[in-house]
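Visitor: My questions will all concern the structure given below.
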Amino acid sequence: MTDIGHRRGRKAGPLRARLAAPLGLATAVALGLSLAAPLSASAEEIAGEPFTGTSVDEATWYGGPYTPGDPTGFACLTAATGEEGPLKKCQKPVGDAAGEGALRLTTNSQQQNGYVISKRAIPSRAGMKFSVDFAVYNPGNGGVPADGISLMLLDGNAEMPKRSGQNGAGLGYVGIGGGYLGVGLDVYGNFTSDQFDAAGGLDGRTPNSITVRGAVGVKNPLVATYRSTRPLAVDGATNRAQARRTAIVELSTEGVMKVSIDFHDGRPVREVIEPVDLDEIKGQPPVPSSLRIGIAASTGNSTAIHEAWNGKIESLSPHLTTSVLPKGPVNAGEPAEFEMTTTNDKLAGPTTGEVVTTQTFPEGVKPVAASGDGWTCAIAGQTVTCKRPGTGADALKPGDSYPPVKVKTEVAADAKGDKNITSSATTPGSTPSAPDTSTFTVTPAKDPSLVVTTKPVGDVVGGQPAGYTIDVANKPDAGATNGEVKVVRTFPEGITPVTAVGEGWKCAIEGQTVTCTRPGTGADVLNPGNQYPPISIGVHVDDDAKGPLEGSTEATTGGKGPGPVKDTTDVKPAPAKDPNLSVVTKPKGDVIAGKPAQFTVDVSNAAEAGPTTGRTVVARTFPEGVTPVKAAGDGWQCAIVGRTVTCQRDAVIEPGKSAPTITIDTKVDASATGQLEGWTDLSTPGDSNSGNRVFDTFVVKADPNQDIDCGGWLATGTTTRAAQCEE
């Protein structure tokens, strides 16, 4: 069966002679069918007859009356024996074995004819496909094969014809009783001609043409014709196998007919008559309510054997196509919505089972949600799969489309240019075909435009620590970042960076320069109008630093940026009185081996001292066996490296006041025991005690519920370990 439906890159075929309007004849309706596809094995067979055996069901097939000795012949079975006659033994017995025969329509004698007609009439709007193998071979009288075979659509309400149509050019169809439409497989070429008793035609003969003629009641007018570059009869063929061809006639539920030929030459099936809307053929009577299928053939002065076999009438299979279109412009870095529409071809049959569709989006366009009326959808990576029943009330009729599937996507900031979406729809019985491809264009994002602001946190005082913050924002009318974001801060002489941290930032310090980076793409992209978490930099200010000092900061993304931004810092003189800080570190409750333990660190300023003027830094180092896991305090910025917790705080500690308590959570090794010693370093600018180390001790107690080893046996209970082992 030829693939029916969405056109996929079809190339122009051989010349199709289409009749012009002045002749008053309809041309084919250009519905865009595929040129070729394998016959479907999934369509439901309505009726069929191989004609290869010794008999046929004469309740199903009619071969006309027979007068013994009639020289014009009749359609017979080459494998039949016994009585001769239509659909029985041939006048000239062939002797084919049962199961290996064919329906012989003519011998290679002059003025022969034969026909067969299905007795079962099919509603003309039911949709069907008729296929049959045929062969024209072993010509006589000079070796020019003639004439050809006709595939007939006859009025199902008319009487069965008592004789064949015209011999020779008429191919047994022209003039046959009840004939509505005949497809001539015209080897010799006169079925197309205007030089015999039929309405209209072309000058001279057109060998190897496939031609459609209309109803008998209007003198079988010429409707459409196609001249094949491939022969309908194989030169030198002496048997049906060598000359085999397959004809396929399809009639849709909309009354649209098309014809295809399989030449069995290793090339695809060829559509030879493009879709013809039977309701639009000028001069034709209305389409009968029902139709019968017929096969006829004839010879004239030139001859050949005409045979047919493997006749089959099937229901039409569904043929689904898909189309995916964006619902507006697709811009890089912005959400986009797409709609997929699934359509059943006008010349196909309805769906009879579950319909499954897929859409695969290109990299850079990620589907995140999919839904549609009647659809159930799932997303796996770049592919959206949707299903629906496809049967009963949900069956998709020919020419109809399902409600669209709407897919929401996220478009990457660096996406751009033409992109393809591949999509397909399958349902039981449908003909396999290549996926549909839809193309759309992603408009590139605008370039990002970063704004960087650097400012000190509070006053910067000579001889004291100080802090700076750096904010990086993207302008509202710019594009999203599309590469690594880098911030390079250069401090003036007299202000030396010592720490640099920021959520999501990786920072390094080299001399007077702090360099911080982050990905700037994917989940870390900085969209227009947004800003990153700030970078916090702790600095040391020289004792003799003074006056306005100039620094610069540059922010880039993808290696591009607006250039360095300069700023000045007004360094104030150091205060007359230095702070005098002290620190006390102690456990909060018992410290038990194998259990979490909590410590507190309290920093106080002596009443007679001056206020702190810069950053206060506390570094607590725990002994082996005790590992810090978390540290926090109101206003403190804490970090843990190994067994050392370093906390920094920029707020002032006034004389006689204490900073908020730092609470440190630790884990204690199960093997830790006895009295352990730790130490705490405390520093703040101007404090003469800065750098002094304060040692402290604490006792690690055994877990009373833990089993102990008493020299090869285990002791448990709530008494002390020593007591247990003594027992």
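Visitor: Please work out the C-alpha center-to-center distance from the stretch 76-110 to the stretch 212-275 and express it in whole Å.
Guide: 24 Å
Visitor: Using the Karplus equation 6.51 cos²θ - 1.76 cosθ + 1.60 (θ = phi - 60°), what ³J(HN,Hα) coupling, rounded to whole Hz, does each residue of the stretch 656-673 give in order, writing x for Gly and Pro?
Guide: x, 10, 10, 6, x, 5, 8, 10, 10, 8, 10, 10, 10, 4, 5, 8, 5, 7
Visitor: Next up: Once phi is turned into θ = phi - 60°, what whole-Hz ³J(HN,Hα) does the Karplus curve with 6.51, -1.76 and 1.60 give for every residue of the stretch 674-681, x standing for Gly and Pro?
Guide: After applying 6.51 cos²θ - 1.76 cosθ + 1.60, I find x, 8, 10, 10, x, 8, 10, 9 Hz.
Visitor: At 25 °C and 0.890 mPa s, what whole-number value in µm²/s does Stokes-Einstein give for the translational diffusion of the stretch 253-412, with Rh from the Kirkwood sum over Cα pairs?
Guide: 124 µm²/s
Visitor: Along each of the three principal axes of the Cα atoms of the chain, give the extent in whole Å, ordering the values from largest to smallest.
Guide: The Cα atoms of the chain stretch 141, 77, 45 Å along their principal axes.
Visitor: So for the stretch 168-259, taking the charge dipole from beta-carbon charges (+1 Lys/Arg, -1 Asp/Glu), which of 206, 170, 238 sits furthest toward the positive end?
Guide: Going by the Cα projections, it comes out as 238.
Visitor: Which whole-number percent gives the relative contact order of the stretch 264-346, counting Cα pairs below 8 Å spaced six or more residues apart?
Guide: Relative contact order, the stretch 264-346: 19 percent.
Visitor: Taking every Cα atom in the stretch 81-196, find the radius of gyration and the maximum pairwise distance Dmax, and write them in Å.
Guide: Expressed in Å, the Cα Rg and Dmax of the stretch 81-196 come to 15.2, 45.
Visitor: Separate question: Taking amide H positions as placed in the peptide plane 1.01 Å from N, state which residues far from residue 457 in sequence (5 or more) or on other chains have amide H under 5 Å from it.
Guide: 467, 468, 469
Visitor: A further question follows. Check which residues have an amide H placed less than 5 Å from residue 124's amide H, if you skip close sequence neighbours.
Guide: 290, 291
Visitor: Zone of residue 677 (label point 7 Å along Cα→Cβ, backbone N under 20 Å): which residues in the stretch 575-596?
Guide: 583-587, 591
Visitor: May I ask for the Rg/Rh ratio of the stretch 502-581, computed from Cα atoms with Rh as the Kirkwood radius, given to two decimals?
Guide: Rg/Rh: 1.07.
Visitor: A further question on this structure: Below 8 Å, C-alpha to C-alpha, sequence gap of six or more: please give me the relative contact order for the stretch 501-552 in percent.
Guide: About 34 percent, as a whole number.
Visitor: Continuing with the same structure: With charges only on Cβ, +1 for K and R and -1 for D and E, what is the dipole size of the stretch 151-237 about its Cα centre, in debye, rounded to 20?
Guide: With only Lys, Arg, Asp and Glu charged at Cβ, the dipole is about 60 debye.
Visitor: How high is the relative contact order of the chain? Use alpha-carbon pairs under 8 Å, at least six apart in sequence, and give a whole percent.
Guide: Once normalised by length, the contact order is 10 percent.
Visitor: Lys/Arg Cβ at +1, Asp/Glu Cβ at -1, dipole of the chain taken about the Cα centre: which of 481, 309, 629 is farthest positive-ward?
Guide: Projecting each Cα onto the dipole axis, the largest value belongs to 309.
Visitor: Next question, about the same structure. Binning every alpha carbon pair distance of the stretch 195-342 at 10 Å from zero, what are the percents per bin?
Guide: Pairs per bin, as whole percents: 8, 28, 30, 16, 9, 6, 3, 0.
Visitor: Using Cα positions and a limit of under 16 Å, work out the lysines in reach of residue 406, with same-chain residues fewer than 8 apart set aside.
Guide: 327, 366, 387
Visitor: Using a probe of 1.4 angstrom, how much of the accessible area of the chain is carbon and sulfur, in percent?
Guide: In the chain, the share of accessible area belonging to carbon and sulfur is 50 percent.
Visitor: Roughly how many nanometres apart are two label points built 7 Å out from the Cα toward the Cβ at residue 410 and residue 568?
Guide: About 4.6 nm separates the two model spin labels.
Visitor: Let me ask something additional. Output wanted: per-residue J couplings in Hz (rounded whole) for the stretch 253-268, from phi through Karplus 6.51 cos²θ - 1.76 cosθ + 1.60, θ = phi - 60°, x for Gly and Pro.
Guide: Values, residue by residue: 5, 8, x, 10, 10, 9, 9, 9, 10, 9, 7, 6, 10, x, 10, x Hz.
Visitor: Enter the accessible area per residue of the chain (Å², integer; probe 1.4 Å; all protein chains in place).
Guide: The answer is 43 Å² per residue.
Visitor: Let me ask another. With Rg and the Kirkwood Rh both taken from Cα atoms, where does Rg over Rh land for the stretch 354-473?
Guide: 1.36
Visitor: Under 26 Å between alpha carbons, and skipping anything fewer than 8 positions from residue 588 in its own chain: which lysines qualify?
Guide: Cα-Cα hits under 26 Å: 630, 657, 667, 701.
Visitor: Something else about it: Among 533, 690, 290, flag the residue with its Cα farthest along the positive direction of the charge dipole of the chain, charges on Cβ as +1 for Lys/Arg and -1 for Asp/Glu.
Guide: With unit charges placed on the Cβ atoms, the residue in question is 290.
Visitor: Okay, moving on. When only alpha-carbon atoms are used, what values of Rg and Dmax, in angstrom, describe the stretch 75-132?
Guide: For the stretch 75-132, the Cα-based Rg and Dmax read 14.1, 41 Å.
Visitor: Another one. For q values of 0.16, 0.19 Å⁻¹, compute log₁₀ I(q)/I(0) with the Debye formula on a Cα-only model of the stretch 150-264, without solvent.
Guide: -0.75, -1.02
Visitor: Let me ask you something else. Hey, can you grab everything whose amide H is under 5 Å from the amide H of residue 332? Only 5+ residues off in sequence or another chain; H modelled, so Pro and N-termini drop out.
Guide: Those qualifying (amide H under 5 Å, at least 5 residues apart or on another chain) are 443, 445.
Visitor: Using 0.36 nm per residue of separation minus the Cα-Cα distance, give me the extension gain between residue 524 and residue 657 in nm, one decimal.
Guide: The residue 524-residue 657 span can extend by a further 43.7 nm.
The values are calculated or read from the model by the stated rules, or taken from the named source; none is laboratory data. Since this is a predicted model, take the numbers as computed values, not measurements. All Cβ positions, glycine included, derive from the backbone under ideal geometry; neighbour counts span all protein chains shown. Note: accessible area is taken over every heavy atom of the protein model, side chains too, but ligands, DNA and RNA are not part of it. Shrake-Rupley method; radii C 1.70, N 1.55, O 1.52, S 1.80 Å.
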